[in-house]
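Please read the structure below before turning to the comments.
Any read-out appearing in this document is the output of simple, stated calculations on the displayed coordinates, not a laboratory observation. Predicted model only: the values in this text are computed from it and were never measured. When we count neighbours, we look across all protein chains shown, and the Cβ atoms used for this are built from the backbone with ideal geometry, even at glycine.
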Amino acid sequence: MASIEIKSDITGNVWKVLKSPGDSVEADEPIVIMESMKMEIPVTSPERGVIKEILVKEEQTIAEGAVVVRVEV
Amino acid sequence: MGGTDKLAKRKSRGQLNAQERLDCLVDPGSFIEIGLLGASGVFKEDEKRTPRDGKLVGFAKIDGRDIALVVNDFTVAGASTSATNSKKMAHARRTATEKGMPFVHVGESTGARLPDAMGSRGMGSLLGNDPTQFRRSRETPWAAAALDTAFGSSAWLCCCSDFAVMRKGSIMAVSSPRLVSMAIGEQVDLEELGGWRIHADFTGLIDRFTDTDVEAMQEIRTFLSYMPSHNMELPPAREPAPDATQDQEAILDILPEKRTQVYDMRKIVEIVVDRGSMFELKPRFGRAAVTALARLGGKPVGVIANNPLVGAGALSIDAVRKIIDFQVLCDSFNIPLLRLIDTPGFVVGKDAERKGAPGWIMNMMNATSFVTVPCITVIVRKAYGRAYVAMGGGRHNDEMIAWPSAEVSFMDPTFATTIVHGVKPGEPGFEAALAQIRKNDEVWDMATIFSVQNIIKPRETRDYLIRMFDVYRSRRGAGVGKHLLQNWPTSY
């Protein structure tokens, strides 16, 4: 098992948090949806795994490169 | 090879040996070896312990076409680089370049051979005596694999190559964790030093990742199937399969009607190109851009596309680097480029500026301007500002078409409304001003002044591309470009 950090590709607001720690995720499955530049942008896991930690809350503003989720893969 | 004990150990660990890897890579019975009797020539006592001096070298065929290749034999002195095997490798590389065939390196090695390379005599004998060793001019395609332990030459050749594949569980790094720990005084984890995720997500130095050696060898075969043998010929065409054309109406199932919704551009590319022909490079690196080799009507093309699914398709520095690399590849080997634009611009902000965003954007513009292979640009949706030009907009193409969903402007209409009209969202007059700006962003005006050559429906795109690439593919130069990017740095 390895832990990977999923970072935000863009500065924006956290619109929805769709998953919780302990949930399973598939590759490319949305975990958080950001709102930036008038677009709804999903934050996804590149690999199948289990969510270890979600580091953002809804309505929070985060910067490009900020760690959003940690996933055990 | 290095003896039955070492070979048995590899087998028990599920590792293929050099001969088995070679057998997976090339057409059966096509290998002709050079340097079978080569062995270490530095210390007499090493001669018998170093059969082939640790490297299987020779010529073979892949899909009936000649290649030159080196397959490292780790069971012999860790396939370390020595005086004799350096000459063997140089012979294969030189022949590939001069005669015009791909060069393939299957890497698993420890680095320079010690103690041979120690001291001034060792350095004087072993390192730096071939000034062409890393003079990468892309006359022929190079492909490399990083398997198990890829230090030294195995890492260098992955970085110098046009295509690199890594088996998961392997390590590619400058040198071993032990040496790194001694140098910097701290313990270094093998995976964190050069594991596959490091290269997939952070370095972008490796193009594809596999679970097995067999798959890694197949990836090299697949990559070369899109490549010409050398830069003075066209890449090989093949008869498209009867079911190569997919239902083009399905594009509309993916492209959202709402401009605020994102989608996965890779799915659109998969539909437009020949069924099953999309071969994506660096899929986890700079993901706001997609770079893929593919076929249209059986003929190879390179695809560069924004992916709105990732950061709305805004181009990060990693995405820029990936696109530049891919333009270099396609321009060097006469592969026409298809670009699909849907980007709100480059990633901006303090972080991007600190990474030197303006310099990277100009690198991309520079590379885009140097491309001489046939280029067709399709504006799918958003095409804003400098990113639109860098993505092959304006006159940086042979033909540019747009889908009716295209919107072209200097910036997003919401921001433009505030800047041009001085009103913010929610303030009186904002909605009316926004509506006018949106109307102006529609692509019809651009077609009226012939700055876009056509507006076509998504479902018509595949047929258009097949026909139009034929118009541009084989003219005076017989499809061979000027290769203005062939000496671009291999990584930077």
Check your understanding: Can you list the HN-Hα couplings for the range A:34-40, worked out from phi with the Karplus curve (6.51, -1.76, 1.60; θ = phi - 60°), rounded to whole Hz and with x for Gly and Pro?
Key -> 9, 10, 8, 6, 6, 10, 9
Practice item. Would you pull out the residues with amide H under 5 Å of residue B:55's amide H, same chain only if 5 or more places away, H placed 1.01 Å from N? Key: B:73
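Let me have the relative contact order for chain B, percent, based on Cα pairs under 8 Å that are six or more residues apart. List each step's numbers first, then the result.
Numbers: 1020 pairs, mean separation 48.9, N = 492.
Averaging sequence separation for qualifying contacts and normalising by length gives 10 percent for chain B.
Kirkwood Rh over alpha-carbon pairs of the range B:4-225, then Stokes-Einstein at 37 °C and 0.692 mPa s: what D in µm² s⁻¹, rounded to an integer?
Values: Rh = 17.6 Å.
D = 187 µm²/s.
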Practice item. Please report how far the C-alpha centroid of the range B:107-156 lies from that of the range A:19-44, rounded to the nearest whole angstrom. Key: 43
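What's the FRET efficiency of residue A:5 with residue B:354 using the Cβ-Cβ distance as r and R₀ = 25 Å, to the nearest 0.05? Please report the intermediate quantities before stating the final value.
Details: r = 20 Å, r/R0 = 0.79.
The formula returns an efficiency of 0.80 here.
Extension gain residue B:11-residue B:34, at 0.36 nm per residue separation less the Cα-Cα distance, in nm? Walk me through the numbers on the way to the answer.
Numbers: separation 23, 0.36 × 23 = 8.28 nm, distance 2.60 nm.
This chain segment gains 5.7 nm when fully extended.
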Check your understanding: Peptide A:30-38: average number of partner chain Cβ atoms within 10 Å per residue?
Key -> 3
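Report, as an integer, the average count of C-beta atoms from other chains found within 10 Å of each Cβ along B:198-205. Present the calculation step by step, with values, prior to reporting the outcome.
On the way: counts 0, 0, 2, 5, 0, 0, 0, 0.
Across the residues of B:198-205, the mean count of other-chain Cβ atoms within 10 Å is 1.
Report relative contact order for the range A:1-56 in percent, whole number only (criteria: Cα-Cα under 8 Å, sequence separation at least 6).
Working: 94 pairs, mean separation 20.2, N = 56.
Normalised by residue count, the contact order of the range A:1-56 is 36 percent.
About its Cα centre, how strong a charge dipole does the protein assembly as shown have in debye, to the nearest 20, once Lys and Arg get +1 and Asp and Glu get -1 at the Cβ?
The dipole of the protein assembly as shown has a size of about 1460 debye.
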Review point. Taking 0.36 nm per intervening residue step and subtracting the Cα-Cα distance, what contour gain separates residue B:94 from residue B:275 on full extension?
Key: 61.4 nm
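Where Lys and Arg each count +1 and Asp and Glu each count -1, what net charge lies around residue B:147 among other residues with Cβ under 10 Å from its Cβ? Don't skip to the end; give the middle numbers.
Numbers: positive: B:21, B:167; negative: B:108, B:148, B:213.
Around residue B:147, the charge tally is -1.
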Practice item. Sort out the exposed loop GluC sites (Glu not before Pro) in chain B (DSSP loop, at most 16 other Cβ within 10 Å) and tell me the longest stretch that has none. Key: B:258-492
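When ranked by the protection proxy of mean other Cβ atoms within 10 Å per residue, highest first, what sequence do the peptides B:331-344, B:364-377 form?
Going from most to least packed, we get B:331-344, B:364-377.
Quick check: convex hull over the Cα atoms of chain B, volume per residue in Å³, rounded to an integer? Can you show the working numbers first?
Numbers: hull volume 81.6 nm³, N = 492.
Cα convex hull per residue, to the nearest whole number: 166 Å³.
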Review point. So how strong a dipole does the range B:4-225 carry about its Cα centre when Lys and Arg Cβ are +1 and Asp and Glu Cβ are -1, to the nearest 20 debye?
Key: 540
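Which pairs, out of B:99/B:482; B:88/B:322; B:99/B:282; A:7/B:168; B:267/B:299; A:16/B:457, put more than 28 Å between their alpha-carbon atoms? Before the final figure, lay out each step's value.
Working: B:99/B:482 19 Å; B:88/B:322 33 Å; B:99/B:282 30 Å; A:7/B:168 22 Å; B:267/B:299 20 Å; A:16/B:457 34 Å.
Pairs exceeding 28 Å: B:88/B:322; B:99/B:282; A:16/B:457.
Over the protein assembly as shown, what is the percentage of antiparallel beta bridges among all DSSP beta bridges, to the nearest 5?
Bridges in the protein assembly as shown are about 55 percent antiparallel.
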Review point. Given labels modelled 7 Å from the Cα in the Cβ direction, how far is it in nm from residue A:50 to residue A:16?
Key: 2.6
Review point. What FRET efficiency, computed as 1/(1 + (r/R0)^6) with R0 = 25 Å and r the Cβ-Cβ distance, is obtained for residue B:438 and residue A:61, rounded to the nearest 0.05?
Key: 0.40
Review point. What fraction of the DSSP beta bridges in chain B is antiparallel, stated in percent and rounded to the nearest 5?
Key: 35
Practice item. Find how many whole Å separate the alpha carbon centroid of the range B:379-430 from the alpha carbon centroid of the range B:226-255. Key: 30
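Averaged over B:409-415, how many beta carbons belonging to a partner chain fall within 10 Å of each residue's beta carbon? Walk me through the numbers before you get to the answer.
Details: counts 0, 0, 0, 3, 1, 2, 2.
Going residue by residue through B:409-415 and averaging, the value is 1.
How long are the three semi-axes of the equivalent ellipsoid of the protein assembly as shown, in whole Å, if each is the root of 5 times an eigenvalue of the C-alpha gyration tensor, listed from largest down?
Details: eigenvalues 398, 161, 82 Å².
Listed largest to smallest, the semi-axes of the protein assembly as shown are 45, 28, 20 Å.
Applying 1/(1 + (r/R0)^6) with R0 = 25 Å to the Cβ-Cβ distance of residue B:448 and residue B:249, what FRET efficiency is obtained, to the nearest 0.05?
Working: r = 28 Å, r/R0 = 1.12.
Efficiency, rounded to the nearest 0.05: 0.35.
Considering only the other residues whose Cβ falls under 15 Å of the Cβ of residue B:486, what net charge follows from Lys and Arg at +1 and Asp and Glu at -1?
Surrounding charge for residue B:486 is -1.
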Point to revise | the range A:3-72 - charge dipole about Cα centre, Lys and Arg +1 at Cβ, Asp and Glu -1, debye rounded to 20 | key: 140
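Would you kindly state how much longer the chain becomes between residue B:260 and residue B:470 on full extension, computed as 0.36 nm times their sequence separation minus their alpha carbon distance, in nm to one decimal?
72.0 nm
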Review point. Say each of residue B:202 and residue B:183 gets a label point 7 Å from the Cα, pointing the same way as Cα to Cβ; how far apart are those two points in nm?
Key: 1.5
